[in-house]
Structures are given as structure tokens and as C-alpha cells.
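A.B. asks: Before we start, here is the structure in question, set down as C-alpha cells.
The values are calculated or read from the model by the stated rules, or taken from the named source; none is laboratory data. Here the structure is a predicted model, which is why all the values come from computation and not from measurement. All Cβ positions, glycine included, derive from the backbone under ideal geometry; neighbour counts span all protein chains shown.
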């Protein structure tokens with residue numbers, strides 16, 4: 001970008017070592033992970049985990065350098081208005097791709113609950129193949145249990161995460177988590193409002209508060225998972241209820257982790273380096289859009305996995 | 001002009017230039033085309049006669065799987081991304097892609113992803129052998145261990161596609177020269193805008209379905225396992241929700257290419273430009289609501305069969321609009337038949353044949369007979385080979401003078417066309433007959449009843465393969481030397497890319513051109 005010349009109104013990018021090393025890091029990460037999983041499933045020792053960690057470190061280091069460079073270029077004033085708009089488009093479409101990723105899992109939940117599971121529990125499929133298996137949701141008795149009884153490999157949970165009745169909502173962890181996450185969407189918005197007025201003190205406070213709420217949400221989620229595994233027999237292996245419950249909430253949890261981390265980085269930038277002003281805050285804005293997105297996904301989860309679960 | 005390319009091989013590793021990256025995409029895709037073609041020839045060699053002669057059935061299955069995966073994800077898709085990289089910025093008067101570093105990342109993921117995918121051939125238990133559609137439980141319960149690497153290869157090539165698509169959308173929406181309104185954009189740009197949207201919408205769904213497989217294989221979930229309350233048919237629904245738009249991802253840019261070439265050699269403007277734009281958008285929309293026509297025989301309720309049958313048939317309308325527009329563009333034009341035009345006309349005719357066999361397959365009751373036979377193989381090869389591959393070939397001949405500054409040898413180009421045209425029809429047309437006679441897909445050995453048609457197909461396949469070696473020779477020879485090309489290259493060419501010299505300078509439009 002230093003090579004920008006007077007007669008050019010657009011910027012001409014200089015060469016960059018970042019992409020090739022990012023590709024290398026990504027490759028090592030997935031190649032190591034693949035080996036690690038195969039070794040785990042075959043119960044063998046191997047180097048998978050080492051390669052995975054090495055790749056992850058390379059990828060993380062490259063991405064750190066990459067984002068630092070992008071921030072640096074912005075501070076030096078190298079970014080044109082047009083490039084800034086491209087970043088906005090990029091983030092917007094990235095979030096759309098995430099929406100579609102979750103759509104696949106919500107769609108799977110809908111199909112399993114409303115089409116395939118009822119089909120398993122009726123007619124000759126149920127009578128001839130699965131020993132009169134009856135479908136209900138949440139699925140407590142799996143077809144495997146109906147057929148094999150005690151010898152079943154896939155056993156359903158003893159209890160579920162379902163709705164305990166409206167009167168008990170105030171002590172129901174998923175409801176509390178909903179309150180926490182929705183509040184955090186409000187506080188991140190307050191941070192934004194404060195920044196628009198260039199009130200950095202309030203901005204730092206509300207942004208830090210949002211990160212804290214995100215962290216609390218994750219802690220509650222971890223507690224709930226532990227409870228599910230140890231007390232309820234609700235695991236990844238507990239048939240489709242456990243499958244959809246953990247995959248939907250798990251991917252959401254990963255995205256909350258990601259979003260909390262992103263907001264935390266923005267908070268660090270603001271507090272330690274004094275970044276962001278009302279007119280220059282894309283890093284923060286992009287992170288906050290992402291945060292609103294994970295919030296909306298949670299509302300979907302709360303309705304379809306918890307209340308109607 | 002500004003500085004030229006950097007010296008040495010690191011130019012290619014570190015580049016952020018859309019032309020460099022476009023060239024790398026195209027060469028990568030060319031390499032994958034030969035790799036996938038090699039797998040195809042192994043298949044055709046085995047099928048030359050009934051009985052098992054050359055390969056084991058399990059290896060045969062690995063070949064059909066790898067042929068499909070390499071051709072779809074390694075040859076066709078990167079070729080169109082390469083064309084987009086080269087041409088979209090030049091066509092809209094932009095200096096480069098919107099996010100140049102991410103652009104290079106999108107590319108460099110691919111060689112790693114395909115190295116990993118190809119390496120499964122040498123792994124214990126062999127490469128994926130469950131078909132390119134990787135239906136569960138073949139791809140979960142009964143899969144070789146290498147399926148894990150297949151899954152991660154799909155994940156990272158999906159990430160590459162999504163980043164590439166985001167870049168293309170940002171470029172088109174944000175980097176157009178002043179005056180280049182949306183409805184003035186060349187149709188290639190329009191089709192890529194819509195394709196990029198499709199990519200962002202469905203690649204995450206593909207990532208989702210392979211993630212479900214990964215969890216079923218390694219973490220004991222029950223997505224596709226009826227014992228736990230899951231359903232293998234769920235796999236097919238999620239896969240084809242990705243898979244059908246994927247088909248259009250491979251053909252919409254081809255429509256754009258042909259819509260650029262035919263007006264040039266008919267020396268008339270494209271007939272019905274705006275209807276082309278709307279037809280493309282309609283096809284993209286319909287692609288989301290037709291996926292289950294791949295699953296008519298899986299046991300869906302009658303209502304489902306009917307909905308997906310009628311929705312599928314609706315696609316014939318916008319596609320018909322396009323075909324009639326191309327024909328009308330040629331009508332009363334002063335046509336000449338240079339190589340790109342020959343490939344484009346063959347595209348219009350043969351793609352239409354593939355479209356018609358698609359209509360036959362769309363008829364649910366008839367599909368019960370055609371399903372999983374060579375008729376289906378004939379159908380999708382007729383839309384992919386003279387569709388996607390011919391349009392890419394046409395694009396290469398059309399724009400190679402702009403890229404390299406040299407004209408290709410017209411006689412050799414025409415020879416390539418006729419060899420490829422004859423080879424492809426000899427290969428794929430008999431498959432309609434063996435398919436209607438009941439020959440199933442993906443079998444290494446077969447009833448002698450189908451022996452004649454298979455022998456003809458195999459001869460055609462080797463002819464087609466040889467024709468592509470000629471293509472490689474022509475491309476290399478043109479890059480090395482040849483008659484110098486003018487800026488316009490073609491007498492009837494229109495558009496911004498023809499206003500810059502040939503070869504196009506390393507940086508074009510560092511100041512935006514005026515578009516009237």
C-alpha cells in the first residue's frame with residue numbers, strides 16, 4: 001500500500017505473505033485434526049494433535065498479523081472510503097453465510113421432529129423394523145431401545161432441557177441465559193450510542209460490560225452441559241434429541257465464544273490503544289453486528305430447542 | 001503505468017493482483033481437469049467391455065467418486081472463479097478485486113485442499129468410494145477412514161468459495177466505474193453476481209451436512225442413524241439443498257460467457273438483455289425450491305413429488321427465455337465462426353439437449369424408470385461438458401488474446417473444437433440408450449446387453465481426452481508466441497475489457513474509465 005501513486009485514485013495493493021501462510025496454517029489445522037480424530041476413533045497413538053496445535057498456532061499468528069496490519073493501514077489513513085465500504089459488504093455477507101449454516105441445523109431439527117421421527121413411529125416401519133417404537137418429542141426412548149431393550153447402544157436421556165412450565169421460568173437456566181444475552185445486545189448498543197457521542201468512558205464501560213455478560217452466558221452454558229452429561233444422561237449419544245440439542249446449542253456457543261473474543265479484542269484496542277472514534281469504528285461495529293446475530297440465533301434456539309423442546 | 005509484476009516465483013505466492021490470481025485459478029483448474037479426466041478414463045477403460053478387466057470394484061467406486069469431486073470442485077468452479085478474477089474488474093472498470101489479499105487466500109486454500117483430497121487415494125482403506133454425492137450411511141457407517149480428510153477438504157474448499165464469492169459481490173457492488181449502472185453491466189458480471197449469492201447461501205449448508213457426518217462418525221450423534229431416531233434421508237435433503245443450487249453455480253457463469261461471445265460474432269447486440277438478467281435471477285430463485293427432484297424414488301409423499309415436479313418444470317421457462325435470446329441474437333446477424341463462436345453455438349445446441357433430458361427426468365413417474373441409470377449420467381454430462389466445460393473453453397479462446405497478447409492458431413482451434421465436439425457426443429449420446437435400457441450408474445461390470453453402447457462411449461471418451469491435450473498445446477503455444485493481438489481483438493467486440501491494450505497491462509483502470 002506504500003506503493004500508492006499520485007495519479008491513482010484507487011489504491012493498488014502491495015504483495016502480501018499473509019494469504020499463503022494462512023493457507024498453510026489452515027491446512028495443518030484440518031489435516032492434524034483429521035488425523036487426531038481418526039486416531040481417536042481407531043484408539044491409536046499418533047501425531048495428529050501435535051500437527052493440529054502447530055497449525056492452529058500458525059493460523060492464529062497469521063490472522064493476528066493480518067488484522068494488526070489492516071488496523072495499522074486504517075490508522076495511517078491508507079484506506080479509501082471505497083475500501084471501507086468493501087469491508088462492510090464483506091462482513092455483511094459473511095454473517096449471511098453464518099445464517100445459512102445455522103439454517104441447515106434448524107432445518108435438520110425441523111425435519112427430524114416433524115417428518116422422519118413420526119414416520120419411524122408408525123405403520124409397518126414401526127411394527128416390523130423397530131418393535132412398535134412410538135415417536136415422541138423429546139425422544140426419551142430411542143428406536144434402538146425399543147428394539148434391543150437393555151442391550152441398546154443408543155439410549156435416550158432420563159430428563160430433557162425442555163420447558164418446565166411458565167411459573168418456573170425465573171429459575172430456569174435457559175431463560176436466565178436468554179435474559180443475559182438479550183441484555184448484552186442492549187449494552188453493546190449503548191456502547192455504540194456512547195461512541196457516536198465520542199463518550200469513550202461510557203463506551204469502554206458498556207463494551208466491557210457486554211464482554212462480561214457474554215462470559216457469564218458461556219459459564220452458564222458450560223454448567224448446563226455438565227448438568228446434562230452427569231445428571232440427566234443427556235449426551236451426544238442420546239439419540240436425536242441429544243444430537244440436535246448439543247449441535248445447535250454447541251455451534252451457537254462456539255459463535256458466542258467467537259463473538260465475545262471479538263468484542264474483547266475491540267475493548268482491549270479501545271482501552272489500551274485508544275482506538276475508535278465516532279467516525280472510525282468499523283472493527284467495533286462489525287463485532288457488534290456479529291454479536292446481534294448470535295443473539296438472534298439464540299432467540300431461535302430458545303423458542304425451538306428449549307420452549308418447544 | 002504503475003509498477004509491473006514482482007520478480008521470481010514469490011510473485012505467485014504473495015500476489016494480490018487479480019490477473020495473477022485469475023491465471024493461477026485457471027491453471028489450477030486446468031490441472032484438475034486433467035486429473036479428473038484421468039479418473040474418467042480409468043472408468044471408461046474398465047467399462048469398455050463387460051466383466052472386470054482393469055480395476056477392482058472398490059477402486060472403481062473410488063474413481064467415480066474422485067472424478068465427480070475433482071471435476072465439480074476442482075475443475076469447473078475454480079475455472080469460473082478464475083474467469084471472474086480476470087474479467088470482472090476489467091469489465092466494470094475497477095482497478096482490482098475489492099479485497100485483494102483475501103482473494104489470494106481464497107486461491108491458495110485450493111491446492112492444499114485438493115492435495116489432501118488426492119492423498120486419500122494412497123491412504124489405508126483407500127479414497128472415498130461413496131460417490132460424489134456421498135449419501136449416508138455409505139459415507140458414515142460404511143465409509144473408509146479417509147472420509148475424515150474428505151470432510152475437512154470440503155470444509156476448507158467451502159471457506160475458499162465463500163471468501164471468493166464475498167469478494168466478487170463486494171467488487172461488483174462497490175467497485176464499478178462511474179456510470180456503470182447495474183443494468184449496463186455485461187451479462188457475465190450479472191451472472192457472477194447471482195452465482196456468488198448462491199455460493200454464499202449454499203456452501204455453508206454443505207459445510208453443515210459434512211459436519212453432521214463428522215459428528216455421526218466420530219462423536220456418536222444420530223443425524224443419519226435410524227436407531228437413534230435419525231434418518232439417512234435427512235442427509236439427502238440437506239445435501240441437495242446445497243446440491244441443486246450448486247448445479248446453477250456451475251452453469252450461470254457459463255450463460256454469462258456465452259452471452260458475451262455470441263453478440264461479438266453475430267455482430268449484433270445481445271437480444272433481450274434485461275430479460276436475460278431477470279431469467280438468471282429467476283433460475284437462481286427456483287434453484288432453492290427444487291432440490292427433492294433428485295430424490296423422487298426415496299419415498300416422499302405424493303404431494304411432495306408433485307410440488308417438486310412442477311417447481312422443476314418451471315425452470316424450463318427462464319432457461320427457454322435464454323436459449324431463445326441467444327438464437328434471436330444470431331438471427332440475421334452477420335455471423336463468423338471463429339473457435340469461441342463454434343464452442344458457444346455447440347453450447348446452445350447441446351446444453352438444450354441436456355435441458356430437455358432434464359425435463360424428462362423432472363417428470364416424477366417417468367423418473368422412477370430413469371433414476372440411477374446411465375440416462376441420468378447422460379443428462380448431467382450434457383449440461384456439464386458442453387455446458388460448463390465448453391463455455392470455459394470458449395471463454396479461454398475468446399479472452400486468451402487479451403490475456404497473452406497473442407492470437408491462437410485458428411486452424412488448430414477449430415480442430416480442437418471438432419475433435420471435442422465429436423468426442424463428447426460419441427461418449428455421452430449412447431449413454432441415453434444404455435440408460436433407457438436399464439444400465440445402472442456406478443457399476444464396474446454389467447450385463448452384456450449394454451456392451452455395444454459402452455464400447456462406443458469409451459472410444460469417444462478417449463477421443464475427447466486426446467482433444468484436450470491439443471487444447472493444452474494450443475494454450476501454451478499461444479502464450480509463448482504467435483500473431484500479435486490488437487486491443488479490440490475481435491471485430492465485433494464491445495465492452496471495457498477491449499479498450500485496454502493486449503496483453504492487458506498488469507494494472508488496468510487505476511483511474512476509473514468513463515462509462516456512458
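A.B. asks: Out of the residues in segment A:111-145 that are assigned to a helix (DSSP H, G or I) and more than 10 Å from every other protein chain (Cβ to nearest Cβ), state the one that is surrounded by the fewest Cβ atoms within 10 Å (Cβ to Cβ).
C.D. replies: A:124
A.B. asks: Identify all residues within segment A:147-167 that are within 11 Å of chain B (Cβ to nearest Cβ) and farther than 14 Å from residue A:238 by Cα; write none if there are none.
C.D. replies: Matches in segment A:147-167: A:147, A:148.
A.B. asks: I'm checking my understanding of the structure. Among residues of segment B:2-27 that are at the interface with chain A (Cβ under 10 Å from one of its Cβ atoms) and part of a loop (DSSP other than H, G, I, E, B), which one is nearest to residue B:93 (Cα to Cα)?
C.D. replies: For segment B:2-27, the residue satisfying everything is B:17.
A.B. asks: Only one of these conditions is not met by residue B:10: (1) surrounded by fewer than 21 Cβ atoms within 10 Å (Cβ to Cβ); (2) touching a helix residue (DSSP H, G or I) at 6+ places or on another chain (Cβ under 8 Å); (3) over 21 Å from residue B:126 (Cα atoms). Which number is it?
C.D. replies: Evaluating residue B:10 over (1) surrounded by fewer than 21 Cβ atoms within 10 Å (Cβ to Cβ); (2) touching a helix residue (DSSP H, G or I) at 6+ places or on another chain (Cβ under 8 Å); (3) over 21 Å from residue B:126 (Cα atoms) leaves (2) as the failure.
A.B. asks: Does residue A:99 satisfy the criteria of being closer than 19 Å to residue B:241 by Cα and surrounded by fewer than 17 Cβ atoms within 10 Å (Cβ to Cβ)?
C.D. replies: The answer is yes for residue A:99.
A.B. asks: What number of residues within segment A:263-275 are closer than 29 Å to residue A:221 by Cβ and surrounded by fewer than 20 Cβ atoms within 10 Å (Cβ to Cβ)?
C.D. replies: So the count comes out to 6.
A.B. asks: Quick check on residue B:443: is it farther than 26 Å from residue B:407 by Cβ and part of a loop (DSSP other than H, G, I, E, B)?
C.D. replies: Answer is yes for this residue.
A.B. asks: Which numbered condition in (1) within 25 Å of residue B:278 (Cβ to Cβ); (2) crowded, with 24+ Cβ neighbours inside 10 Å is the only one that residue B:229 fails?
C.D. replies: All conditions pass for residue B:229, except number (1).
A.B. asks: Here's something else I'd like to know. Can you work out which of the residues in segment A:276-309 that are over 17 Å from residue A:97 (Cβ atoms) and free of Cβ contacts under 8 Å to residues at least 12 places away in the same chain is surrounded by the most Cβ atoms within 10 Å (Cβ to Cβ)?
C.D. replies: A:303
A.B. asks: Checking the conditions here, which among B:460, B:465 is free of Cβ contacts under 8 Å to residues at least 60 places away in the same chain, part of a helix (DSSP H, G or I) and surrounded by 15 or more Cβ atoms within 10 Å (Cβ to Cβ)?
C.D. replies: B:460
A.B. asks: Restricting segment B:209-267 to residues that are in contact with a helix residue (DSSP H, G or I) (Cβ under 6 Å, 6 or more places away or on another chain), under 30 Å from residue B:188 (Cβ atoms) and not in a helix (DSSP H, G or I), which is farthest from the other protein chains (Cβ to nearest Cβ)?
C.D. replies: Among residues in segment B:209-267 that are in contact with a helix residue (DSSP H, G or I) (Cβ under 6 Å, 6 or more places away or on another chain), under 30 Å from residue B:188 (Cβ atoms) and not in a helix (DSSP H, G or I), the one farthest from the other protein chains (Cβ to nearest Cβ) is B:251.
A.B. asks: Go over the candidates A:164, A:157 one by one and state the one that is surrounded by fewer than 17 Cβ atoms within 10 Å (Cβ to Cβ), modelled with pLDDT under 95 and not in a helix (DSSP H, G or I).
C.D. replies: A:164
A.B. asks: Give the number of residues within segment A:230-265 that are within 13 Å of chain B (Cβ to nearest Cβ), over 15 Å from residue A:177 (Cβ atoms), part of a helix (DSSP H, G or I) and over 11 Å from the mean Cα position of the chain (by Cα).
C.D. replies: 7
A.B. asks: Here's a follow-up. Mind telling me which of the residues B:48, B:39, B:60, B:30 ends up being at pLDDT 95 or above, more than 24 Å from the chain's Cα centre (by Cα) and more than 14 Å from every other protein chain (Cβ to nearest Cβ)?
C.D. replies: Of B:48, B:39, B:60, B:30, the one residue that is at pLDDT 95 or above, more than 24 Å from the chain's Cα centre (by Cα) and more than 14 Å from every other protein chain (Cβ to nearest Cβ) is B:48.
A.B. asks: Further question on the same structure: If only one of B:366, B:378, B:394, B:388 is assigned to a helix (DSSP H, G or I) and over 26 Å from residue B:133 (Cβ atoms), which one is it?
C.D. replies: Going through B:366, B:378, B:394, B:388 in turn, just one is assigned to a helix (DSSP H, G or I) and over 26 Å from residue B:133 (Cβ atoms): B:394.
A.B. asks: Pick out the one residue from A:233, A:214, A:274, A:259 that is under 24 Å from residue A:67 (Cα atoms) and at pLDDT below 95.
C.D. replies: From the options A:233, A:214, A:274, A:259, the qualifying one is A:274.
A.B. asks: Which one of these does residue B:167 not meet: (1) within 9 Å of chain A (Cβ to nearest Cβ); (2) without any contact (Cβ under 8 Å) to a residue 60 or more places away in the chain?
C.D. replies: (2)
A.B. asks: Which residues, counting only those in segment B:120-160, are farther than 23 Å from residue B:241 by Cβ and without any contact (Cβ under 8 Å) to a residue 60 or more places away in the chain?
C.D. replies: B:120, B:121, B:122, B:123, B:124, B:125, B:142, B:144, B:145, B:146, B:149
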